[in-house]
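Undergrad: Attaching a single structure in structure tokens format; questions to follow.
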Amino acid sequence: MTVIAVFNQKGGVGKTTVTAHLAATLARNGIEPLVIDLDPQAHLTAMWRQKVTPGDSVLRFYQGLTPLADLARPLPGGVHFVPSGLELSKVDAQVIRHRDHIWRLKLGLEAEMLAGSGMPILIDCSPALGPLAFSALFAADLVLVPVAADYLALHGAQLLDRTLAGLNRFRGRVPRRYLINRYLPGQDTSEQVLAQLKQRYGDELLRTAIREEPELARAAYSGEDLFNFAPESGAANDFSYLLDELIEQGLLKV
């Protein structure tokens, strides 16, 4: 499987952080991923310090004007990136006139022979339930769901189950994995949320837990990934374990 949608309809769970550092982990291991920022808030584009105009963002692809491959820009370290911008919100606003938007990403990845090419594709999804989010979910081989280690995020994961279940009738059940994020080992709330996730999701909960560490926020502020900013940090090790686990389970073929 090559197309991973990093999705949760609850904001603030660390989707962008997970996408950015999983991409960096792949690149660090000599596997160059294609990363698509599909959120009009463009947090990933900002994190990676990318200057974007409407003419070179992923909006051009949804307008049918530019192939995805032509929008991808190489970043230092081996990541290929398709940036976003606030103008992308037009796609969600045009759902009535352009219902084909929900299939555009899947069809585009196939037509450009990106899906199945062996290049991992990571999609940082919009939390809003609209054509952008659905197009990512319809294109995905795997839905990776970060869940912050707090009770509100746990409640959000339960609401997400209903959303994903509603998609099953359109394309069958897409494999999914839940990832506990912002985890504090030994802290009561973190441990209780982890126990509930294990009980609810069983084997769909990844063994890897991404620890909450100040280096994550500092790395984002600096515009660097953890492997450059704090390579010895626990969180950097966690992302390495995450990649190993996805490969071990056959969810990411490299």
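Undergrad: In whole percent, how big is the carbon plus sulfur part of the accessible area of the chain, probe 1.4 Å, protein atoms only?
TA: Ligands and nucleic acids excluded, carbon and sulfur reach 52 percent.
Undergrad: Label points 7 Å out from Cα along the Cβ direction at L86 and Q63: separation in nm?
TA: 1.7 nm
Undergrad: Shifting gears a bit: Please report Rg (one decimal) and Dmax (integer) in Å for the Cα set of segment 45-180.
TA: 15.5, 43
Undergrad: Students often forget the sequence filter, so: which lysines lie under 21 Å Cα-Cα from K106 once same-chain residues fewer than 8 apart are removed?
TA: In chain and number order, the partners are K15, K90, K253.
Undergrad: In straight Cα distance, which aspartates and glutamates are under 17 Å from K198, not counting same-chain residues fewer than 8 positions off?
TA: D150, D161, D188, E245
Undergrad: Moving on. Based on the alpha carbon coordinates of segment 1-65, what radius of gyration and maximum Cα-Cα distance (Dmax) apply, in Å?
TA: 12.8, 34
Undergrad: According to the Cα gyration tensor, what semi-axes, each the square root of 5 times an eigenvalue, does the equivalent ellipsoid of the chain have, listed from largest to smallest in whole Å?
TA: Ellipsoid semi-axes (Å, largest first): 27, 21, 17.
Undergrad: A further question follows. For I247 and W103 in the same chain, what is the full-extension length gain: residue separation times 0.36 nm, less their Cα-Cα distance, in nm?
TA: Stretched fully, the I247-W103 segment lengthens by 49.1 nm.
Undergrad: What's the ranking of 10-16, 159-165 by average number of surrounding C-beta atoms within 10 Å, highest first?
TA: Sorting 10-16, 159-165 by mean packing, highest first, produces 10-16, 159-165.
The values are calculated or read from the model by the stated rules, or taken from the named source; none is laboratory data. Just so it is clear, the model here is predicted, and its values are computed rather than measured. As a convention, Cβ positions derive from the backbone with ideal geometry for all residues, glycine included, and neighbour counts pool all protein chains shown. Side chains are part of the model used for accessible areas, which takes the heavy atoms of the whole protein and leaves out ligands, DNA and RNA. Shrake-Rupley method; radii C 1.70, N 1.55, O 1.52, S 1.80 Å.
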